[in-house]
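Every number here is computed from the coordinates shown, using simple stated rules; none is lab data. None of the values given here were measured: they were computed from a predicted structure. With ideal geometry, Cβ positions are generated from the backbone for all residues, glycine too; neighbour counts draw on all protein chains shown.
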Amino acid sequence: MTRALNQQWHSLAFSAFIFHEIIDNPQEDETPQSRLKQIGMMSVLYIMHQGHQRLTLSNIIENTGLTRTGVTETIDPLVKRGLLTETFVKNSMGRGKARQFEIAPEILEKIRDFESGKNPAVDRRQST
């Protein structure tokens, strides 16, 4: 299969997985609007990830045009769900701390397993 087609499959698998994780597992006191924002944010973060951009609050604000509070309100539930990991790094000026995020490695591994046919749910369907 061509590299471009592989990339399309990976993007589709990521989107479907994130949609399923967020919509099918609502958190307490979470609105449908909040879940849709999370899905949209994960799409933005995935594109930034694919473009090798650092996932810092400043970069996310720059890419989305949202306020710092708007980004934080959408990012925090994603960290709580385990879809993102958070670390503290030095800010761009090297003096303070900045929040940096990563798409959880487990998520990317699950998608790779799914694409390669190692997904147990897929294996069960094929054996019936």
At a Förster radius of 30 Å, what calculated FRET efficiency corresponds to the Cβ-Cβ distance of residue 104 and residue 33, to the nearest 0.05?
0.80
For labels at residue 69 and residue 85 in the simple 7 Å Cα→Cβ model, what's the distance in nm?
3.2 nm
Quick one: which residues, 5 or more positions from residue 55 or on another chain, have an amide H under 5 Å from its amide H? H modelled 1.01 Å from N in the peptide plane, none for Pro or chain starts.
101
Quick one: grab the alpha carbon gyration tensor of segment 1-96, order the square roots of its eigenvalues as a ≥ b ≥ c, and give me rounded if a/c is under 1.5, else prolate or oblate depending on whether a/b is larger than b/c.
oblate
5 angstrom amide H check on residue 84, placed H, neighbours 5+ away
79, 104
